[in-house]
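Worksheet: the structure to be examined is printed underneath.
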């Protein structure tokens, strides 16, 4: 397993090694030590490799991930797993704002709390947060699932499209066009699947509430003009 010490090795060397795998390199497991809050750690992975980061990272860690499994044994700055396509990203600590922004696929697990705008403009990614999330989360969420075991801040799901939101705790307020919806058997089954993937074993799907779009904003209706 190649080990990259970012206290002595340039970040470019790490990311270049990860990108070289698509060109025929053989290593599939990497370890990163002393990240010291470095930005853009393990971005642009496009092969099924495993990266263990021992410490906290800065912004855009694992951005554009496509098939890799990246675990951060610490916390992450803004934009972790931004625009992720596939694979898995696990944050053992907390995540700053807009975690999983514009993500198109894969699974993002945050074992601590996530700050504001978590899952903003999500486009197919699945995100499971073990703790709480901040305000304006899932703003303009188009598709995918956001699962929150804790509480949600203000304006959850503002201007939501068809992303599905599940919150176990309290929601401070719902955003424009976001409403609570019935939890059907198919939703319970999907939620159980996501909880299992995220390593959650002590919580039942029946403890959550589901939220989604009322569908009154993204289809223009003159009767709702005052809401635009």
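The values are calculated or read from the model by the stated rules, or taken from the named source; none is laboratory data. Just so it is clear, the model here is predicted, and its values are computed rather than measured. Positions of Cβ are generated from backbone atoms using ideal geometry, with glycine treated the same way; all protein chains shown enter the neighbour counts.
Of all residues in the stretch 165-192 being out of contact with any strand residue (DSSP E or B) (no Cβ under 8 Å at 6 or more places or on another chain) and not in a helix (DSSP H, G or I), which is farthest from residue 116 (Cα to Cα)?
Quick first cut of the stretch 165-192, residues out of contact with any strand residue (DSSP E or B) (no Cβ under 8 Å at 6 or more places or on another chain) only: 176, 184-186, 188-189, 192.
Now restrict to residues that are not in a helix (DSSP H, G or I): 176, 184.
Details: 176: 17, 184: 28 Å.
Going through the qualifying residues, I end up with 184.
When 125, 179, 120 are screened for being free of Cβ contacts under 8 Å to residues at least 24 places away in the same chain and out of contact with any helix residue (DSSP H, G or I) (no Cβ under 8 Å at 6 or more places or on another chain), only 120 passes. Of all the numbered requirements in (1) surrounded by 15 or more Cβ atoms within 10 Å (Cβ to Cβ); (2) part of a loop (DSSP other than H, G, I, E, B); (3) modelled with pLDDT under 95, residue 25 misses one, and that requirement is (1). Scan the strands (runs of 3 or more DSSP E) fully inside the stretch 39-102 and keep the ones with 3 or more residues being over 12 Å from the mean Cα position of the chain (by Cα) and modelled with pLDDT of 95 or more. Ranges flagged: 50-54, 66-72. Scan the stretch 108-131 and tell me whether some residue there is crowded, with 19+ Cβ neighbours inside 10 Å, farther than 20 Å from residue 63 by Cβ and at pLDDT 95 or above. Yes, because at least one residue in the stretch 108-131 is crowded, with 19+ Cβ neighbours inside 10 Å, farther than 20 Å from residue 63 by Cβ and at pLDDT 95 or above. When the residues of the stretch 205-228 are filtered to those that are outside any helix (DSSP H, G or I), over 21 Å from the mean Cα position of the chain (by Cα) and surrounded by 11 or more Cβ atoms within 10 Å (Cβ to Cβ), the one that is modelled with the highest pLDDT is 214.
If you take the residues of the stretch 7-22 that are more than 25 Å from the chain's Cα centre (by Cα) and either at pLDDT 90 or above or not in a helix (DSSP H, G or I) (or both), which of them is surrounded by the most Cβ atoms within 10 Å (Cβ to Cβ)? Steps first, answer last, please.
Kept after step one, since they are more than 25 Å from the chain's Cα centre (by Cα), are these residues of the stretch 7-22: 7-10, 13, 20.
Going one step further and asking which of them are either at pLDDT 90 or above or not in a helix (DSSP H, G or I) (or both), we end up with 7-10, 13.
Details: 7: 9, 8: 8, 9: 15, 10: 11, 13: 11.
Out of the qualifying residues, it is 9.
Taken over the stretch 44-65, the residue count meeting the criterion of being touching a residue at least 24 places away in the same chain (Cβ under 8 Å), under 23 Å from residue 118 (Cβ atoms) and surrounded by fewer than 20 Cβ atoms within 10 Å (Cβ to Cβ) is 2.
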